[in-house]
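These notes are about the structure you will find just below.
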Amino acid sequence: MGALDKVEIKKLTKRYGTERALGGVNLELAAGKMTALLGHNGAGKTTLLGIVSTLVRATDGTVTYVSSGAPVEGEHVRRQIGMLAHSSLCYAELSAVENLALTAGLYEVDGSPEAITAMLDRVGLEPKARDRAARTYSRGMLQRLALARALLTKPSLVLLDEPFTGLDRGGALALGEQLGILRDAGAIVVVVTHDLEAIAGRTDHVAILRRGQLVFEERGSYSYEQLKDVYHRFAN
Amino acid sequence: MSNKGIPVLAALAAIGFVVTIYLVFTYAPLVEDPVLMFNQKIFYYHVAHAFMLFLATAVCGVCSLVFLKTRKPKYDDLALASAEVAAMFGAVVLATGMIWAKAAWDIWWVWEKRLTMSLLLWLVLVGYVLVRRFAGSSADRLAAGLAAFGTVGIPFIYFMVDASDHHPKAGAGGVAATLPPEMKLVFWLSVLTFLLWCVALVMSRVQSARAERELREIRERGLDAGLFT
Amino acid sequence: MSVLRHAARVAWKDLRIELRSKEIVYTMAFFGALIVVVYSFAFPVKPDLVRAAVPGMLWVAIAFAGTVGLGRAFDRERENDTMRALLLAPIPRLAVFLGKAAAISLLVLLVALVCAPLLALLLDVDLFAMPAELLLLLVLGAIGFANVGSVFAATLLKVRSRDVLLPVILYPILIPLFVAGTSATEAMIAVKPDLDKLWYWIGFLGIYDAVFLVLSMWVFEALVIE
Ligand SMILES: Nc1ncnc2c1ncn2[C@@H]1O[C@H](COP(=O)(O)OP(=O)(O)OP(=O)(O)O)[C@@H](O)[C@H]1O
Ligand SMILES: [Mg+2]
């Protein structure tokens with residue numbers, strides 16, 4: 001089973017107890033496209049990513065993952081997912097190298113020291129920190145490690161939840177660049193962010209959530225001004 | 001389950017209750033035990049409630065497992081309703097058990113087998129209610145897990161209480177099979193009455209949970225249409 | 001068999017982190033020892049009284065120290081949301097459960113192995129009259145505890161009041177396990193050891209572990225997915 005070509009989200013509803021986080025969202029994510037998922041705090045963005053990442057179960061509705069024309073599920077889907085969230089998903093007691101080796105083991109990808117070094121070079125984690133426990137890292141270093149972790153498994157569905165927080169300007173630009181590379185390599189990229197500047201000009205698809213509902217969806221590249229304009233018109 | 005069934009069941013239970021109470025005091029013979037005598041009458045209520053405690057807990061356990069596997073809210077409603085009703089019946093079992101113990105042995109609590117089992121099961125149910133209340137948005141899953149594990153644990157509790165020699169054993173209260181026929185009739189009538197009552201309670205609790213959900217959905221539709229902003 | 005291989009990987013990761021910091025082992029063992037010491041002050045140390053009370057002390061110490069260790073072991077998975085990383089990995093979620101449960105069984109067993117000699121020493125009872133049987137008993141107890149404990153600690157991970165809810169959920173389910181452990185220990189250290197009783201309870205524990213292991217494996221995924 002190879003890369004995912006398409007993710008179809010249909011009538012997705014999620015309730016947490018009495019609260020409704022998502023109310024019937026329809027969305028289609030395609031390979032080689034970067035989707036920006038925008039909306040105010042509490043709009044349901046993280047919840048949507050959670051369901052797409054299979055860690056949250058929808059109350060109603062379906063998410064279909066398609067690989068080479070056929071629907072896939074379970075471990076085959078998880079194998080293809082790369083996740084970058086608020087938290088680093090890395091063990092604080094283990095070093096960067098050990099964290100990546102563990103991930104490589106679980107995903108059964110190349111976890112040789114050379115491959116790990118190459119990946120850490122790619123995200124720009126400074127060499128002298130690589131064998132220290134991750135708990136000693138700064139926020140930005142941790143975020144770079146998290147990115148390395150996500151990229152190591154060569155995911156074809158990359159889910160990013162506010163990936164720019166904690167990165168300096170250079171880090172944010174570099175991350176934007178990496179996402180562009182992934183997208184051009186044919187991955188499905190979904191970015192949740194409030195940092196419109198960082199994604200301006202890079203997205204192929206903009207979706208805005210408001211109180212759990214999709215209120216705006218448009219394909220095409222958006223400049224910073226355009227993003228700001230649609231955000232203010234639809235998110236409120 | 002329909003709305004209309006509940007009043008009918010409740011009415012039947014009420015009639016059953018009046019009839020049983022009448023029969024308990026006029027028709028069922030007094031036991032010959034000089035200590036128990038009149039006190040034995042509580043048996044008709046104590047044991048009937050214990051039956052309902054185990055029945056409702058089993059329903060809760062099964063529904064919880066089904067809910068975990070399907071995540072259909074209707075099973076969760078039923079599990080919650082039966083757990084609450086079971087907890088209530090359990091409290092009555094323990095209270096009447098204590099009254100029985102006071103009358104028969106002049107102490108408030110004895111580690112009689114069935115009473116001990118009821119207590120352990122009741123602890124699971126109290127845990128269930130606490131989890132429902134304090135576990136936030138994970139409450140339904142957690143409570144379902146607790147109910148499933150608790151129900152699967154019933155046979156272990158049974159064999160444990162049976163084999164454990166930690167507590168001095170008090171004599172068991174009457175067993176249905178050895179009762180004289182008049183007592184047996186009244187006893188089963190009482191069981192039937194409380195079964196009806198139990199089902200009526202569970203159904204109305206399910207109804208209220210469902211009504212709550214419907215109200216919420218209507219409100220959501222209003223919100224979507226921009227009514228309240 | 002990829003389930004077992006991945007489970008071993010998850011367990012080994014936990015043990016490696018623990019070997020490095022030793023935080024859980026040291027604090028759990030110290031806590032267990034403290035409970036034992038407090039007990040030896042709480043009850044008069046008379047030979048027949050002690051013989052009756054020691055089995056209960058041992059298993060209550062295991063229960064309390066075990067709960068503390070269990071909570072901390074899962075706190076570690078919460079710190080950087082690493083539990084999500086494990087659940088997101090393309091391995092059967094069963095492997096995550098088995099790995100965590102295996103690592104925690106070892107920790108609990110270790111604590112039991114600290115508490116038992118300490119009780120024997122401080123209260124002068126011959127707990128080790130049947131060392132092999134005692135070890136078997138403690139292993140079965142640790143497995144049962146870790147198994148039920150892991151399911152609920154993992155599910156409680158994102159609940160605010162998880163620290164109080166963990167024992168509220170665990171103990172009612174684990175009462176048969178603790179009673180079985182206590183009764184078996186009692187049979188073992190009695191003046192005239194009662195082998196029938198001992199093996200009845202060891203068998204009871206074996207079946208308890210097996211049944212709840214199957215149940216846990218069956219519902220774990222349904223419970224941990226939000
Ligand atoms: N575990 C949970 N329990 C209860 N309610 C939740 C939970 N997670 C999310 N919610 C609710 O669901 C709604 C959507 O939350 P979500 O985290 O998806 O928002 P978001 O768009 O990611 O917001 P932000 O921009 O602040 O990250 C909110 O109203 C929130 O209160
Ligand atoms: Mg969010």
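The values are calculated or read from the model by the stated rules, or taken from the named source; none is laboratory data. These numbers were taken from a predicted model, which means no experiment stands behind them. Glycine also receives a Cβ, built like all others from the backbone with ideal geometry; neighbour counts cover every protein chain displayed. For accessibility, only protein heavy atoms count, side chains too; no ligands or nucleic acids. Shrake-Rupley method; radii C 1.70, N 1.55, O 1.52, S 1.80 Å.
For A:A85, indicate whether it is within 16 Å of ligand 2 (Cβ to nearest atom), open to solvent by less than 10 Å² (accessible area, probe 1.4 Å) and more than 14 Å from chain C (Cβ to nearest Cβ).
The answer is no for A:A85.
Counting only helices (runs of 4 or more DSSP H) that fall entirely inside region C:22-98 and contain at least 3 residues that are modelled with pLDDT under 90 and more than 14 Å from every other protein chain (Cβ to nearest Cβ), the qualifying elements are C:23-42, C:47-79. Tallying residues that are facing another protein chain (nearest Cβ under 7 Å) and of a type in the set (G, A, S) within region C:151-166 yields 1. Looking across region A:22-32 at every residue that is at pLDDT 90 or above and farther than 25 Å from B:S138 by Cα, the one that is nearest to ligand 1 (Cβ to nearest atom) is identified as A:L27. Applying a threshold of 8 Å to beta carbon distances and a minimum spacing of six or more residues, or different chains, the list of pairs starting in region B:172-199 at a residue that is among the acidic types (D, E) and ending at one that is open to solvent by less than 20 Å² (accessible area, probe 1.4 Å) and modelled with pLDDT under 90 reads B:E182/B:A28. Evaluated against (1) closer than 28 Å to A:R78 by Cα; (2) at pLDDT below 90; (3) in contact with a Lys or Arg (Cβ under 8 Å, 6 or more places away or on another chain), A:A148 falls short on exactly one condition, (2). The set of residues in region A:36-50 being within 14 Å of another protein chain (Cβ to nearest Cβ) and either near ligand 1 (Cβ under 6 Å from one of its atoms) or closer than 14 Å to A:M83 by Cβ (or both) consists of A:G42, A:A43, A:G44, A:T46, A:T47, A:L48, A:L49, A:G50. Every listed requirement among (1) more than 9 Å from chain B (Cβ to nearest Cβ); (2) closer than 18 Å to B:F149 by Cβ is met by C:P193 save one, (2). Taking into account only those residues within region C:208-222 that are surrounded by fewer than 21 Cβ atoms within 10 Å (Cβ to Cβ) and at the interface with chain B (Cβ under 8 Å from one of its Cβ atoms), which is nearest to A:L49 (Cα to Cα)? It comes out as C:A222. Among the residues of region A:71-96, those identified as touching a Ser or Thr at 6+ places or on another chain (Cβ under 9 Å) and within 16 Å of ligand 1 (Cβ to nearest atom) are A:M83, A:A85, A:H86, A:S87. Only a single item in (1) at the interface with chain C (Cβ under 9 Å from one of its Cβ atoms); (2) in contact with a strand residue (DSSP E or B) (Cβ under 8 Å, 6 or more places away or on another chain); (3) within 16 Å of ligand 2 (Cβ to nearest atom); (4) modelled with pLDDT of 90 or more is not met by A:L55, and it is number (2). Are any residues in region A:185-216 within 16 Å of ligand 1 (Cβ to nearest atom) and of a type in the set (D, E), and if so, which ones? Selection gives A:D195 alone.
The residue list A:R202, A:R233, A:R169, A:R211 contains one member that is within 16 Å of the chain's Cα centre (by Cα), open to solvent by 40 Å² or more (accessible area, probe 1.4 Å) and modelled with pLDDT under 90, which is A:R202.
From the list B:A139, B:A135, B:A144, B:A148, the one residue that fits, being open to solvent by less than 30 Å² (accessible area, probe 1.4 Å), within 14 Å of chain A (Cβ to nearest Cβ) and within 22 Å of C:Y208 (Cβ to Cβ), is B:A144. Whether a residue is touching a Ser or Thr at 6+ places or on another chain (Cβ under 7 Å), assigned to a strand (DSSP E or B) and within 20 Å of A:V52 (Cβ to Cβ) was assessed, and A:V215 does not pass this test.
Kindly indicate whether any position in region A:17-27 is within 14 Å of ligand 2 (Cβ to nearest atom) and crowded, with 20+ Cβ neighbours inside 10 Å. Taking every residue of region A:17-27 in turn, at least one turns out to be within 14 Å of ligand 2 (Cβ to nearest atom) and crowded, with 20+ Cβ neighbours inside 10 Å. If the condition is being among the hydroxyl-bearing types (S, T, Y) and either within 11 Å of A:C90 (Cβ to Cβ) or open to solvent by 10 Å² or more (accessible area, probe 1.4 Å) (or both), then region A:137-155 contributes A:Y137, A:S138. Region A:23-111 holds helices (runs of 4 or more DSSP H) entirely within its bounds, and those carrying 2 or more residues that are over 20 Å from the mean Cα position of the chain (by Cα) map to A:96-107.
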